[in-house]
Amino acid sequence: MKEYDYLIVGAGLFGSVFAYKAKELGKKCLVIDKRSHIGGNVYTENIEGINIHKYGPHTFHTSNKVVWNFVNSFVEFNRYTNSTIANYKDKLYNLPFNMNTFYQLWGVKTPSEARKKIEEQRKPFLYIKNPKNLEEQALVLGGLDIYEKLIKGYTEKQWGCSAKKLPAFIIRRLPFRFLYDNNYFNDLYQGIPIGGYTKIIEKMLDGIEVKTNTNYFDHKGELNQLADKIVYTGKIDEFFDYKFGELEYRSLLFKNELLNIYDFQGNAIVNYTEKEVPYTRIVEHKHFEFGTQPVTIITREYPIEYTKDNEPYYPINNSKNQVLYEKYHKIATQNKNVIFGGRLSEYKYYDMDDIIKEALLTSKKIIYE
Ligand code: UDP
């Protein structure tokens, strides 16, 4: 008999949801995380009464009622709706691409005028039947103006490579609509947990043993002895000691600033879509929770190359990396004592709600096995 049923590597969303469900079913878990805190990349830190999204802005959105009810069982959500602004050469545009954007770009006022304009813009690219990369997909969707002003610069900064080398699905994340509707998402439910994301994770992990500042790879031998099964949410290539080679990720540098003013930009997120500005966006955290603090905190987000000394935020899902990932995935499925889950372990550009859904499904499947 081992001390724990599950050793959970990573106290982010996947690990915490799994641990919560396992505990509910009477299983004993040990959750470890190499960082000094729980929550993974959804971790929020309260400074001056403002919840700072330490690892990038996270707006919760989902159309899955089970997931929505699940997160709401831990904390209440506010009515925040993400509506990002884009700044291109000092002109502002609404995102996602909608009637406001089309008006700002071309002065068109009705959906039929906008459709006509977009058809003109798309026409030179309609010979592309199956867009093979992000650039082709963007041009087929909206034509040259939108691509050049709102997509190309941002995307190439964000990913550090040509938009021709990126998968088309990335740009399909953004809605395209003929309504005056700046809601960044199409989902039924949306909001920010009142009091920050850390509160949800704390509640999920309540009564579960958690060890932060604990790197699995530094104590692998002893940790593996402690539990019957491992739930691993870290990088899949690292788990297998990079035996087939290294997967690529994109990293970020966050530069925070506390300003002695009430507000800075009047919106939670402003994207800088031209290539010459080195950061992709400025986040003003208080606006996620309609903060009324006398000061404000902003974060400039600089995409940077991933090295093993910084954080792997985004998997770069191009074909080369997918082939490599499949190799790791294949050996991972043969390993019955280890459950691989989450963004780093599945090498997938996951949204929070999908991670929760996966963790709920995995826990159900595995724990009842
Ligand atoms: N994107 C863009 N212009 C923008 C915002 C996004 O071209 O102003 C593209 C870019 O390629 C980005 C992708 O859309 O990587 C997905 O954007 P999203 O806002 O979903 O990115 P996240 O918040 O996950 O970083």
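The values are calculated or read from the model by the stated rules, or taken from the named source; none is laboratory data. Keep in mind it's a predicted model, so treat the numbers as computed, not measured. Heads up, the Cβs are rebuilt from the backbone with ideal geometry, glycines too, and the neighbour counts pull from every protein chain shown. Note: areas computed on protein heavy atoms with side chains; ligands, DNA, RNA excluded. Shrake-Rupley method; radii C 1.70, N 1.55, O 1.52, S 1.80 Å.
Inside segment 221-335, counting only strands (runs of 3 or more DSSP E) that do not spill past its ends, which hold 2 or more residues that are away from the ligand (no atom under 16 Å from the Cβ) and in contact (Cβ under 8 Å) with a residue 12 or more places away in the chain?
It comes to 227-232, 249-259, 296-305.
Assess whether Ile194 counts as being surrounded by 16 or more Cβ atoms within 10 Å (Cβ to Cβ) and not charged (D, E, K, R).
Against the criterion (surrounded by 16 or more Cβ atoms within 10 Å (Cβ to Cβ) and not charged (D, E, K, R)), Ile194 does not qualify.
Here is a check on your reading of the model: is Thr62 more than 21 Å from Gly143 (Cβ to Cβ) and either among the hydroxyl-bearing types (Ser, Thr, Tyr) or at pLDDT below 95 (or both)?
Judged against the criteria, Thr62 is a match.
Looking at Gly207, is it under 25 Å from Phe70 (Cβ atoms), modelled with pLDDT under 95 and away from the ligand (no atom under 16 Å from the Cβ)?
Details: under 25 Å from Phe70 (Cβ atoms): yes; modelled with pLDDT under 95: no; away from the ligand (no atom under 16 Å from the Cβ): yes.
When the stated conditions are applied, Gly207 does not pass them.
For segment 99-111, give me each residue that is farther than 17 Å from Asp181 by Cβ and either part of a helix (DSSP H, G or I) or aromatic (Phe, Trp, Tyr) (or both).
Trp106
Looking at Ile200, Ile128 in this structure, which one is open to solvent by less than 50 Å² (accessible area, probe 1.4 Å), more than 16 Å from the ligand (Cβ to nearest atom) and either more than 27 Å from Leu252 (Cβ to Cβ) or small (Gly, Ala, Ser) (or both)?
Ile128
Out of the residues in segment 160-173 meeting the condition of being open to solvent by 40 Å² or more (accessible area, probe 1.4 Å) and within 17 Å of the chain's Cα centre (by Cα), tell me which one is nearest to the ligand (Cβ to nearest atom).
Residue satisfying both the conditions and the ranking: Arg173.
Suppose the filter is touching a helix residue (DSSP H, G or I) at 6+ places or on another chain (Cβ under 7 Å), at pLDDT 95 or above, part of a strand (DSSP E or B) and within 16 Å of the ligand (Cβ to nearest atom); does Tyr55 pass it?
no
Residue by residue, here is whether (1) open to solvent by less than 50 Å² (accessible area, probe 1.4 Å); (2) within 29 Å of Leu188 (Cα to Cα); (3) in contact (Cβ under 8 Å) with a residue 24 or more places away in the chain holds:
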position	(1), (2), (3)
Met1	no, no, no
Ala11	yes, yes, yes
Ser16	yes, yes, yes
Lys23	no, no, yes
Asn41	yes, yes, yes
Gly56	yes, yes, yes
Val67	yes, yes, yes
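Applying the selection to segment 143-156, what residues are in contact with an Asp or Glu (Cβ under 9 Å, 6 or more places away or on another chain) and either within 11 Å of the ligand (Cβ to nearest atom) or open to solvent by 50 Å² or more (accessible area, probe 1.4 Å) (or both)?
The answer is Tyr147, Lys149, Ile151, Lys152, Gly153, Tyr154, Thr155.
Which of the residues that make up segment 61-89 are of a type outside the set (Ser, Thr, Tyr), over 22 Å from Tyr272 (Cα atoms) and outside any loop (DSSP other than H, G, I, E, B)? It would help to see each step written out before you state the result.
Of the residues in segment 61-89, the ones of a type outside the set (Ser, Thr, Tyr) are 61, 64-72, 74-79, 82, 85-87, 89.
Those left that are additionally over 22 Å from Tyr272 (Cα atoms): 61, 64-72, 74-79.
Answer for segment 61-89, where residues must be of a type outside the set (Ser, Thr, Tyr), over 22 Å from Tyr272 (Cα atoms) and outside any loop (DSSP other than H, G, I, E, B): His61, Lys65, Val66, Val67, Trp68, Asn69, Phe70, Val71, Asn72, Phe77.
For segment 350-364, name all the residues that are within 21 Å of Phe169 (Cβ to Cβ) and not charged (D, E, K, R).
Tyr350, Met352, Ile355, Ile356
For segment 174-204: of the residues being more than 18 Å from the chain's Cα centre (by Cα) and at pLDDT below 95, which is nearest to Lys27 (Cα to Cα)?
This residue is Gly195.
Tally the residues that are on the phi < 0 side of the Ramachandran plot, surrounded by fewer than 13 Cβ atoms within 10 Å (Cβ to Cβ) and of a type outside the set (Lys, Arg), restricting the search to segment 218-253.
4
Among the residues of segment 174-194 satisfying the criterion of being within 16 Å of the ligand (Cβ to nearest atom) and charged (D, E, K, R), which is farthest from Val140 (Cα to Cα)?
Among them, the one singled out is Asp187.
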